[in-house]
Amino acid sequence: MRTNKIINYESILQVLGETGCPFCRFMKNFQAALLQDPTQKEIHHLCNFHTWGIAATQRGPFAAGLFLNVLARQSDAPLASPCDICILLQIEEDRRIREFIGCAQHKLVVQWLRSQAALCMIHGTKLKQGASPVIALTIGAVMERYRTRLAEDLTRLRDEYHPDSADWGLLGHAAEFLASQRGLHP
C-alpha cells in the first residue's frame with residue numbers, strides 16, 4: 001500500500017464517468033483518506049489490513065502515536081473487537097448505496113446505466129437488494145453485460161496468450177468484478 005492523492009468526492013455521482021465500479025473507486029478513495037488523515041485519533045482497534053495500511057502510508061511519528069494508543073488499549077479489548085476503520089467504511093458504503101438508489105431516476109444515472117456502467121459483484125448485489133424491482137433488473141443487466149464482456153476477454157487471453165503482452169489491466173478488472181477492489185472487503 002502506498003499513499004494516494006485524495007480526491008474530495010462528495011457524491012457517488014462524481015465517479016460515474018470513471019472506469020470500473022464507481023463504488024469501489026469512491027470507497028478506495030475514502031479508505032485512503034482515512035489512512036492518510038493525521039487527525040484520525042479515535043482509532044482503538046485495527047484489522048490486519050488497516051494496521052499495515054497505516055504503517056505504509058503514515059508519517060512515522062503519527063503512526064507510532066496511533067500504534068501506542070492501540071497497544072495501550074490492547075490488553076482491555078476483546079479479541080474480536082471490530083476495526084474502527086472497517087466500521088467507518090461500512091457506514092460510508094451504506095450511505096453511498098442509499099444515495100445511488102435515491103438518484104436512480106436521475107438523468108445522469110440512467111444514462112450511465114445504459115451505456116458504460118460497470119459494477120463489481122459485491123456492490124451490484126448490494127444495490128439490487130435495496131432497489132426497486134425495475135432498478136434491480138437494470139442493475140442485474142448491467143452486471144451481466146460486464147460479466148459477459150470480461151468472460152470474452154478472459155477467454156481470448158487464455159486462448160491467445162502472448163508472453164510479452166501486459167494483461168494486468170484485464171486481470172485487475174476481473175479481480176475487481178469478482179471481489180471488489182483490494183482491501184475493501186475481507
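Couple of notes before you dig in:
- Residue within segment 107-115 that is out of contact with any Ser or Thr (no Cβ under 8 Å at 6 or more places or on another chain), open to solvent by 50 Å² or more (accessible area, probe 1.4 Å), aliphatic (A, V, I, L, M) and without any contact (Cβ under 8 Å) to a residue 40 or more places away in the chain present: no
- Residue 56 of a type in the set (A, V, I, L, M, F, W, C), under 21 Å from residue 9 (Cβ atoms) and touching a residue at least 12 places away in the same chain (Cβ under 8 Å): no
- Some residue of segment 119-133 being under 19 Å from the mean Cα position of the chain (by Cα) and either more than 23 Å from residue 178 (Cα to Cα) or exposed (fewer than 13 other Cβ atoms within 10 Å of the Cβ) (or both): yes
- Evaluation of residue 6 against the conditions (1) part of a helix (DSSP H, G or I); (2) open to solvent by 50 Å² or more (accessible area, probe 1.4 Å) shows that the sole unmet condition is (1).
- One residue from 171, 88 being part of a helix (DSSP H, G or I) and closer than 23 Å to residue 50 by Cα: 88
- Selection from segment 124-141 of residues that are of a type in the set (A, V, I, L, M) and out of contact with any Gly (no Cβ under 7 Å at 6 or more places or on another chain): 127, 131, 134, 135, 136, 137, 141
- Just one of the numbered conditions (1) among the polar types (S, T, N, Q); (2) farther than 14 Å from residue 24 by Cβ; (3) touching a helix residue (DSSP H, G or I) at 6+ places or on another chain (Cβ under 9 Å); (4) in a loop (DSSP other than H, G, I, E, B) is not true of residue 116: (3).
The values are calculated or read from the model by the stated rules, or taken from the named source; none is laboratory data. Computed from a predicted structure; not experimentally measured. Positions of Cβ are backbone-derived with ideal geometry, glycine not excepted, and every protein chain shown enters the neighbour counts. What goes into the accessible areas is simple: the full protein's heavy atoms, side chains included, and nothing from ligands, DNA or RNA. Shrake-Rupley method; radii C 1.70, N 1.55, O 1.52, S 1.80 Å.
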